[in-house]
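Let me begin by presenting the structure, written as structure tokens, before commenting on it.
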Amino acid sequence: MAEAETGSATGNSGGVPEPSLKDKGNEFFKAGNYLKAAALYTQAIKLDPSNHALYSNRAAAFLHLVKLNKALADAEMTIKLSPQWEKGYFRKGCVLEAMEKYDDALLAFQSALQYNPQSAEVSRKIKRVSQLVKDKKRAQEVDKKRTNINMTKHLDKLKSELSEKYGSEECWKDIFSFLVETMEAAVRSWHETSNVDAKVYYLLDNEKTDTEKYAPVVNIDKAFESPHTHSDCFQFLRKYAEDSVSRAACLITPKSLISYPQVWKGQGSRKWKHGQHDGFFVQLETPSLRKLWFVPSSSELGRPLCRDPEVLDIAAHELLPRIFKEKLRST
């Protein structure tokens, strides 16, 4: 961080130079006692209120004390008193940088460079803050993607498939909304924890399901440990779907949890075409339609970010066999 401006000393009757208030302030500043330095600069300003260098020095002291609003006010006064002195703009840029107002800080540093094009210090600041501007913009883009979760736009084609299979708009819209809500909740969980719990969510029949006996969610965290646990889990889920009179089911499970079946390994029609990304699977089960997606994840600025869901061939990559008995289009 830039140092305070130095200045000349005044003399006394004995001919021995006596440090000025500004000089005393500078000594305390160099020693890291910014509070005392600021107090001495304030005393000096009372005696010489038009001295731009005093405001500049106090701005530097306030910046170290993280009194940013006071530091900015002093930087602005420095510029007002000496509009062609680059140090005032430099001070302002440093304060705005500390405030994380990077666009404004960049403008201030660029003004400083106009008045002192040879300043390596200002050039370094411009380079640093320019990168911070880029980083902040990228962080805002990532935040927007992480918070504005909209699975509907990625599943638009599914509407026509459901309509074709079910006919009844009320029926297929319930299934579509159920899937969207389940997927969006999984994405939010992944963004918060880099994980989703392995579960099967059931769309229960409001009129026929005994809701005191059957919950809409079944944990299946052990389902993919081995062929044996996989088979037992599948049999349980199929019976649960039938006994609970469910209309649809949605499996959510992280890729990292699956020891069997590792559906991203194989050749021919089973060959995986979606890279080595971490992520989670979503398998929709209905009596008339089955669909499978993989939601890949990457790390952006140290935070997990789900990518667009990728449709998989369920015949080649299914995580579980058919849960519901197949039915033709209902009316």
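Just so it is clear, none of the values below were taken in a lab; they were calculated from the coordinates. A quick note: this is a predicted structure, and the numbers were derived from the prediction, not measured. Counting neighbours? That spans all protein chains shown, and the Cβs are built from the backbone with ideal geometry, glycine included.
Report the full-extension gain for the segment residue 181 to residue 168: residue separation times 0.36 nm, less the Cα-Cα distance, to one decimal in nm.
Working: separation 13, 0.36 × 13 = 4.68 nm, distance 2.03 nm.
Between residue 181 and residue 168, full extension yields an extra 2.6 nm.
Give me the dipole magnitude in Debye, nearest 20, for the chain about the Cα centre, with unit charges on the beta carbon: positive for Lys and Arg, negative for Asp and Glu.
Taking the Cα centre of the chain as origin, the dipole is about 700 debye.
In the neighborhood of residue 260, defined by Cβ-to-Cβ distances under 15 Å, what is the net charge if each Lys or Arg adds +1 and each Asp or Glu adds -1? Don't jump to the answer; show the numbers that get you there.
Numbers: positive: 222, 255, 265, 270; negative: 221, 225, 232, 318.
Neighbour charge sum, excluding residue 260 itself: 0.
Output the DSSP H helices from the chain with an along-axis C-alpha extent of no less than 15 Å and a mean Kyte-Doolittle hydropathy no less than 0.5.
Working: long enough: 34-47 (20 Å, 0.61); 52-64 (19 Å, 0.08); 68-81 (20 Å, 0.30); 86-98 (18 Å, -0.48); 102-115 (20 Å, 0.16); 120-147 (40 Å, -1.43); 156-166 (16 Å, -1.59); 169-193 (36 Å, -0.28); 227-243 (24 Å, -1.15).
In the chain, the long hydrophobic H runs are 34-47.
In Å, what Rg and Dmax follow from the Cα atoms of the stretch 137-268?
Rg then Dmax for the stretch 137-268, in Å: 17.0, 52.
Which value, in debye to the nearest 20, gives the size of the charge dipole of the stretch 151-317 about its Cα centre, when Lys and Arg are +1 and Asp and Glu are -1 at the Cβ?
Working: 22 positive and 25 negative charges, 135 e Å.
It comes to approximately 660 debye.
If I model a spin label as a point 7 Å beyond the Cα along the Cα-Cβ vector, how far apart are those points for residue 273 and residue 315 in nm?
Going from the residue 273 label point to the residue 315 one covers 1.4 nm.
Which GluC sites (Glu not before Pro) in the stretch 56-122 pass both tests, a DSSP loop state and at most 16 other beta-carbon atoms within 10 Å?
Details: sites: 76, 86, 97, 100, 121; in loops: 100.
Taking the stretch 56-122 and a limit of 16 other Cβ atoms within 10 Å, the loop GluC sites (Glu not before Pro) found are 100.
So how far apart, in nm, are the two label points at residue 222 and residue 303 if each is 7 Å from Cα heading toward Cβ?
3.7
Nearest 500 deg cm²/dmol is fine: what mean residue ellipticity at 222 nm does the chain get from its DSSP H runs of n ≥ 4 alone, each adding -39,500 (n - 2.57), divided by its residue count?
Numbers: 11 runs with 163 residues, N = 331.
Dividing the helical sum by the residues of the chain leaves -16000 deg cm²/dmol.
Tell me, what is the FRET efficiency for residue 124 and residue 68 to the nearest 0.05, using R0 = 22 angstrom and their Cβ-Cβ distance as r?
Working: r = 21 Å, r/R0 = 0.96.
Between residue 124 and residue 68 the formula returns 0.55.
Only loop residues by DSSP count here, and only those with at most 11 other Cβ atoms within 10 Å; note down the trypsin sites (Lys or Arg not before Pro) in the stretch 254-288 that meet that.
On the way: sites: 255, 265, 270, 271, 273; in loops: 265, 271, 273.
Qualifying residues, ordered by number: 265, 271, 273.
For log10 I(q)/I(0) by the Debye sum over Cα atoms at q = 0.12, 0.14 Å⁻¹, which listed value, (1) -0.88, -1.14; (2) -0.82, -1.02; (3) -0.98, -1.16, comes from the coordinates shown?
Evaluating log10 I(q)/I(0) by the Debye sum over Cα atoms at q = 0.12, 0.14 Å⁻¹ on these atoms matches (2).
Between residue 215 and residue 192, what is the FRET efficiency for a Förster distance of 30 Å, r being their Cβ-Cβ separation, to the nearest 0.05? Each step should come with its number before you reach the end.
Working: r = 23 Å, r/R0 = 0.77.
Efficiency for this residue pair is about 0.85.
Please find the FRET efficiency linking residue 325 to residue 206, where r is the Cβ-Cβ separation and R0 is fixed at 22 Å, and quote it to the nearest 0.05.
Values: r = 21 Å, r/R0 = 0.95.
Efficiency, from the Cβ-Cβ distance: 0.55.
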